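The values are calculated or read from the model by the stated rules, or taken from the named source; none is laboratory data. From a predicted model like this one, the values you see are computed outputs, not experimental measurements. Please note: Cβ atoms are built from the backbone with ideal geometry, for glycine as well, and neighbour counts cover all protein chains shown. Accessible surface areas use protein heavy atoms only, side chains included; no ligands, DNA or RNA. Shrake-Rupley method; radii C 1.70, N 1.55, O 1.52, S 1.80 Å.
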Amino acid sequence: MQLTGPLTSQNSGPLAGAASAPGDKSISHRALIFSAMAAGRSEITGLLDGEDVLRTAAAMRALGAAVERDGPVWRIGGGAWKSPDKALYFGNSGTGARLVMGAVAGAGVAARFDGDASLRSRPMGRVIEPLRMMGLSATAADGRLPVAIDAGAPLAAIDCKLAQPSAQVKSAIILAALGAQGITCIHEPVRSRDHTERLLAVFGVELRFDADGAGGRYIFVPGGQSLSPSRLAVPGDPSSAAFLVAAALITPNSDVTVRNVSVNPLRAGFYETLRDMGANTVFENPREECGEPVADIRARHSVLHGCAVPAERAPSMIDEYPILAAVASCAAGETKMTGLEELRVKESDRIAAMEAGLAACGVDVASGPDWLRVIGDGTPPKGGADVKARHDHRIAMSFLVLGLAAKNPVAIDDVSMIATSFPDFLPVMTKLGAAIS
Ligand code: S3P
């Protein structure tokens, strides 16, 4: 079944069995970009076959890399980049656009960047400004796409402090700094996902780290480094696995195992929160893949209670608040999520999207500029609503999952964006026993 148009999910029997989460989206973008930067042939398996990642693959091709796909194996011939003739188009993908801006700046080539209406509305100044401090010449009207980066003299190292705990901004600066003269120092007061740091080590890059004594760290990036080609197996995405785990937790008598998921502590805040809510989830068979801790996650239907989700946890579960809010509507008592200001500038304003959708499903929900509060009575909500996905894959999947437990079906107006991160969402869910049509 194609992921287009509307879909409805309804109260389902138990979900059971094992499924694989799609390849991690963050690591997939990085695997392609780093392979295209490394002189020689790299090989990637497990890459996410989602639209966002395919756009990054196309951008790497336009920048001069040889990108071939043989079934599940991607072979990338990387090395020196060239200025592409046409604008690089990133569709809905903030990660692709922002990371490639940094890499293009470091490579010293010119490129233009564009995306869909949602991506055009998202802030790009947070990446462009530090790159300008390094000497980059770029135009970005109103700090948004379209962005044009000029080819120019090599960049100079900078000392900077990240204003937001954003792995995209941090990664863009690291990638630019690899091509700069001198040692760049990035202070991240609040730590965000570290896939760039971990995966660059796999490509032979040396970074140094120093704790700042207050929970953050300094990252030192010596410039003038080149990457060595590598062979990688991308682990499954904990943000996509979250939908399968959540579905099992709220659907009576369910028992689901999601195989081969990255359980990087800087991505695992959702799973920590679920444990605080009384969820029966276990990380089984822990191992390492791609420089990342990996496990199989087993989730069984659970009696859940609300909890306070601390603001400090936000960077490690930033993409999971929509599905957490759906789970919280089935739990007993109040779940208060704070420190959510970044949710306002994701693929949609996710605080507004969840509040509107949950209210339509009969949930007691309230929000403020950077918080969301959901109160449940320990049984699934009424449902029976038409919910707007607002062009956001995680909003669409969150409400399809909620519909499996809600008392009445939940309809989503448009599910096409799910293909950006979880193209097999529907067959995977259906195989586990979900009634979505
Ligand atoms: C990502 C970082 C996060 C996250 C996004 C992927 C990444 O964004 O929301 O889905 O791969 O670096 P920010 O860096 O803007 O917080």
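Pick from Ala299, Ala360, Ala314, Ala308: which is farther than 26 Å from Gly215 by Cβ, among the small types (Gly, Ala, Ser), surrounded by fewer than 24 Cβ atoms within 10 Å (Cβ to Cβ) and touching a strand residue (DSSP E or B) at 6+ places or on another chain (Cβ under 9 Å)?
None of the other options fit; the residue is Ala360.
Would you say Ala110 is within 19 Å of Lys86 (Cβ to Cβ) and over 21 Å from the mean Cα position of the chain (by Cα)?
Here the answer is yes, as Ala110 does meet what is asked.
What strands (runs of 3 or more DSSP E) completely inside the range 1-76 contain at least 2 residues that are in contact with a helix residue (DSSP H, G or I) (Cβ under 9 Å, 6 or more places away or on another chain), hydroxyl-bearing (Ser, Thr, Tyr) and modelled with pLDDT of 95 or more?
7-10
Considering only residues that are assigned to a loop (DSSP other than H, G, I, E, B), under 25 Å from Asp116 (Cβ atoms) and of a type outside the set (S, T, N, Q), which ones fall in the range 143-166?
Across the range 143-166, the qualifying residues are Arg144, Leu145, Pro146, Asp150.
Taking the range 337-390 only, how many residues are within 16 Å of the ligand (Cβ to nearest atom) and either at pLDDT below 95 or part of a helix (DSSP H, G or I) (or both)?
9
Scan (1) in a strand (DSSP E or B); (2) in contact with a Pro (Cβ under 8 Å, 6 or more places away or on another chain); (3) touching a residue at least 40 places away in the same chain (Cβ under 8 Å) for the single condition Val221 breaks and write down its number.
With respect to (1) in a strand (DSSP E or B); (2) in contact with a Pro (Cβ under 8 Å, 6 or more places away or on another chain); (3) touching a residue at least 40 places away in the same chain (Cβ under 8 Å), Val221 is out only on (2).
So which of Ile186, Ile128 ends up being of a type in the set (Val, Ile, Thr), in a strand (DSSP E or B) and either more than 17 Å from Gly102 (Cα to Cα) or within 16 Å of the ligand (Cβ to nearest atom) (or both)?
Sole residue among the options that is of a type in the set (Val, Ile, Thr), in a strand (DSSP E or B) and either more than 17 Å from Gly102 (Cα to Cα) or within 16 Å of the ligand (Cβ to nearest atom) (or both): Ile186.
Filtering the range 149-183 down to residues that are surrounded by fewer than 19 Cβ atoms within 10 Å (Cβ to Cβ) and among the polar types (S, T, N, Q), which residue is farthest from the ligand (Cβ to nearest atom)?
Within the range 149-183, the match that is farthest from the ligand (Cβ to nearest atom) is Gln181.
Going by the structure shown, is Thr196 open to solvent by less than 10 Å² (accessible area, probe 1.4 Å), assigned by TED's automatic domain parsing to the domain that holds Met37, among the polar types (S, T, N, Q) and more than 16 Å from the ligand (Cβ to nearest atom)?
Working: open to solvent by less than 10 Å² (accessible area, probe 1.4 Å): yes; assigned by TED's automatic domain parsing to the domain that holds Met37: yes; among the polar types (S, T, N, Q): yes; more than 16 Å from the ligand (Cβ to nearest atom): no.
So Thr196 does not fit the description; no.
Name the one entry in Gly102, Gly106, Gly115, Gly94 that is open to solvent by less than 30 Å² (accessible area, probe 1.4 Å), in the same structural domain as Ala38 (by TED's automatic domain parsing) and within 18 Å of Arg344 (Cα to Cα). Before you say what the answer is, go through the steps one by one.
Working: Gly102 fails: within 18 Å of Arg344 (Cα to Cα); Gly106 fails: within 18 Å of Arg344 (Cα to Cα); Gly115 fails: within 18 Å of Arg344 (Cα to Cα).
Just a single option satisfies the conditions, and that option is Gly94.
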